[in-house]
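One structure below.
The values are calculated or read from the model by the stated rules, or taken from the named source; none is laboratory data. Quick caveat, the model's predicted, so the values are computed rather than measured. Don't worry about glycine lacking a Cβ; one is built from the backbone with ideal geometry, like all the others, and counts go over all protein chains shown. Quick note on the areas: whole protein, heavy atoms, side chains included, nothing else; ligands and nucleic acids left out. Shrake-Rupley method; radii C 1.70, N 1.55, O 1.52, S 1.80 Å.
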Amino acid sequence: MMEKIDSYECFVEPFHVDFTGRVFMGVLGNHLLNAAGKHSTRRGWGIGALNETQHTWVLSRLSIELYDMPRQYEHFEVKTWVEGVMKLFTNRNFAILRPDGSAYGYARSVWAMIDLETRRPCDLLSLYDGDICRYVVTDEENDCPIAGHGRFRFREPELVRTIDTYYSDVDINGHINSIKYIEHILDLFPKERFKSQSIERFEIAYKAESHLGDRLSFYTQPVSADEVDVEVRKNEAEVVCQAKIRFRTATI
């Protein structure tokens with residue numbers, strides 16, 4: 001019987017790091033999504049197989065909590081497993097580990113499967129006779145130790161930037177890539193902030209799709225000195241995603 005948990009080796013290339021020598025959050029996010037894709041593909045639930053029946057996965061929520069960031073030329077491992085399956089969503093967790101097994105951090109994610117024609121969510125419990133439930137990990141030893149996804153409450157956020165979307169923003173599903181939102185959101189903060197602080201937790205909730213040619217407006221709402229909420233709207237109207245960034249004093 002196939003193991004339910006997979007681990008994938010990663011390496012931090014020089015072009016994957018920022019000016020501090022630590023891996024970009026967007027690059028780390030891509031490693032997580034690649035691990036999720038490989039894990040799903042090994043079990044017959046990869047995008048390639050799903051596309052044949054006009055289905056695909058879409059990321060709904062992602063929360064990454066870090067004690068430290070992998071640095072240039074370091075090797076690390078991404079371990080991933082499915083924590084639970086509901087009718088419309090599945091929960092997937094990640095551990096980001098050093099070669100000695102200690103943790104850089106952990107991540108939680110929520111995914112939905114959609115019909116490519118209707119763009120509507122599918123019933124995961126009935127699709128393919130609920131085969132996905134065979135891969136759920138219930139072992140307490142593999143519990144993800146970080147908090148679950150929180151809620152966002154925007155009152156009077158301030159518009160700080162509006163950008164256009166281009167070719168490099170679009171992914172294979174035809175909408176703006178989920179990692180691109182993370183990169184655009186972190187670009188809202190000045191270089192000086194990343195000199196003195198590092199990201200302790202990054203949380204994002206995807207609300208709607210946006211596409212090539214949409215204009216994205218970014219609104220910020222400070223929560224505390226170390227925490228900021230961000231809301232992204234397309235064409236100054238519909239909310240496409242909301243994020244929370246929590247900083248801490250940077251380590252050397």
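Confirm whether GLU238 is charged (D, E, K, R), open to solvent by 60 Å² or more (accessible area, probe 1.4 Å) and touching a helix residue (DSSP H, G or I) at 6+ places or on another chain (Cβ under 8 Å). Criteria not met by GLU238.
Residue by residue, here is whether (1) β-branched (Val, Ile, Thr); (2) within 17 Å of ARG151 (Cβ to Cβ); (3) surrounded by fewer than 16 Cβ atoms within 10 Å (Cβ to Cβ) holds:
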site	(1), (2), (3)
ASP187	no, no, yes
PRO190	no, no, yes
ARG201	no, yes, no
GLU209	no, no, no
SER217	no, no, no
GLN221	no, yes, no
ALA225	no, no, yes
ARG233	no, no, no
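In region 200-252, of all residues being in contact (Cβ under 8 Å) with a residue 40 or more places away in the chain and of a type in the set (Ser, Thr, Tyr), the one that is nearest to THR118 (Cα to Cα) corresponds to SER210. Could you identify the single residue in ASN173, ASN177 that is under 22 Å from the mean Cα position of the chain (by Cα) and more than 18 Å from ASN235 (Cα to Cα)? Step by step, each of ASN173, ASN177 is checked, and only ASN173 is under 22 Å from the mean Cα position of the chain (by Cα) and more than 18 Å from ASN235 (Cα to Cα). Reported count of residues in region 107-147, each being open to solvent by less than 30 Å² (accessible area, probe 1.4 Å), more than 25 Å from GLU200 (Cβ to Cβ) and in a strand (DSSP E or B), is 4. Kindly evaluate TYR73 against the criterion of being within 21 Å of the chain's Cα centre (by Cα) and among the aromatic types (Phe, Trp, Tyr). No; evaluated as a whole, the condition is false for this residue. Among the residues making up region 77-122, those that are of a type in the set (A, V, I, L, M) and under 25 Å from THR53 (Cβ atoms) are VAL82, VAL85, MET86, LEU88, VAL110, ALA112, MET113, ILE114, LEU116. Residue under question is THR56, and the condition is that it be of a type in the set (S, T, N, Q), over 25 Å from ILE245 (Cβ atoms), touching a residue at least 40 places away in the same chain (Cβ under 8 Å) and open to solvent by less than 30 Å² (accessible area, probe 1.4 Å); does it hold? For THR56, the condition - of a type in the set (S, T, N, Q), over 25 Å from ILE245 (Cβ atoms), touching a residue at least 40 places away in the same chain (Cβ under 8 Å) and open to solvent by less than 30 Å² (accessible area, probe 1.4 Å) - is met.
For region 1-33, the set of residues classified as open to solvent by 70 Å² or more (accessible area, probe 1.4 Å) and either without any contact (Cβ under 8 Å) to a residue 40 or more places away in the chain or more than 18 Å from the chain's Cα centre (by Cα) (or both) consists of MET1, MET2, GLU3, GLU9, PHE15, PHE19, listed by residue number. Checked against the criterion of being buried (at least 17 other Cβ atoms within 10 Å of the Cβ), among the β-branched types (Val, Ile, Thr), out of contact with any Cys (no Cβ under 9 Å at 6 or more places or on another chain) and assigned to a loop (DSSP other than H, G, I, E, B), region 154-165 has at least one qualifying residue.
Taking the criterion of being in a helix (DSSP H, G or I) and closer than 26 Å to LYS195 by Cβ, the residues of region 2-36 that qualify are PRO14, PHE15, HIS16, MET25, GLY26, VAL27, LEU28, GLY29, ASN30, HIS31, LEU32. Looking across region 213-230, just one residue is of a type in the set (Asp, Glu) and closer than 18 Å to ASP169 by Cβ, and that is ASP214. Restricting the search to strands (runs of 3 or more DSSP E) fully inside region 37-99 and requiring at least 1 residues that are in contact with an Asp or Glu (Cβ under 9 Å, 6 or more places away or on another chain) and among the aromatic types (Phe, Trp, Tyr) gives 75-85.
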